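Following: one structure in structure tokens, then a few remarks.
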């Protein structure tokens, strides 16, 4: 039996977190945790890192420069209109720039997330389990030998798992 996945299903967030700590203390690697909502403590326990905030910042800079450049070009260079001697490059751009930066950041960040996580139309779910998007929490552990399977099963059951399955 080579590289078998063990799924531990929990119905309580605290039991899930304590089981993750217990599994890591015993030297096993938690491959993934699936929950109906993000749990910040899971990110800390699994030492997960993401570059999406940095990408969102760069998208914001891109949106700011692109929007200001477009507004400046259309209002000052291409089709300048002078109303009562007012300067053409004023702070009237601020609100439009603010809204466009938010739009660009949200749109491109969502696109980046969907591409990096391989989500979207026709995407197959990573793990199928009934109730996983409602009120259940799932730990996925990848083990290599039969003795590891038995000890991990015991760890999950002792940690408060409602159900333990092997795939």
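The values are calculated or read from the model by the stated rules, or taken from the named source; none is laboratory data. What you are looking at is a predicted structure, and each value in this text was computed from that prediction instead of being measured. Note that we place each Cβ from the backbone using ideal geometry, even for glycine, and neighbour counts take in every protein chain shown.
At a glance:
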{"item": "Which listed residue, of 150, 124, is part of a helix (DSSP H, G or I) and without any contact (Cβ under 8 Å) to a residue 40 or more places away in the chain", "result": "150"}
{"item": "Verdict on residue 16 being touching a strand residue (DSSP E or B) at 6+ places or on another chain (Cβ under 6 Å) and assigned to a helix (DSSP H, G or I)", "result": "yes"}
{"item": "Residue under evaluation residue 22, criteria (1) closer than 20 Å to residue 127 by Cα; (2) part of a helix (DSSP H, G or I); (3) touching a helix residue (DSSP H, G or I) at 6+ places or on another chain (Cβ under 8 Å), criterion not met", "result": "(1)"}
{"item": "Failed condition for residue 96, given (1) part of a helix (DSSP H, G or I); (2) at pLDDT below 90; (3) loosely packed, with under 14 Cβ neighbours inside 10 Å; (4) touching a helix residue (DSSP H, G or I) at 6+ places or on another chain (Cβ under 8 Å)", "result": "(2)"}
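Residues are listed down the side, and each one gets a yes or a no for (1) modelled with pLDDT of 85 or more; (2) under 30 Å from residue 102 (Cβ atoms); (3) in the same structural domain as residue 99 (by TED's automatic domain parsing); (4) surrounded by 14 or more Cβ atoms within 10 Å (Cβ to Cβ):
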position	(1), (2), (3), (4)
17	yes, no, no, yes
23	yes, no, no, yes
47	yes, no, no, no
64	yes, yes, yes, yes
68	yes, yes, yes, yes
74	yes, yes, yes, no
79	no, yes, yes, no
86	no, yes, yes, no
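Results for (1) surrounded by 15 or more Cβ atoms within 10 Å (Cβ to Cβ); (2) not assigned by TED's automatic domain parsing to the domain that holds residue 24, shown as yes or no for each residue.
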{"position": "101", "(1), (2)": "yes, yes"}
{"position": "104", "(1), (2)": "yes, yes"}
{"position": "109", "(1), (2)": "yes, yes"}
{"position": "112", "(1), (2)": "yes, yes"}
{"position": "124", "(1), (2)": "no, yes"}
{"position": "127", "(1), (2)": "no, yes"}
{"position": "137", "(1), (2)": "yes, no"}
{"position": "140", "(1), (2)": "yes, no"}
{"position": "146", "(1), (2)": "no, no"}
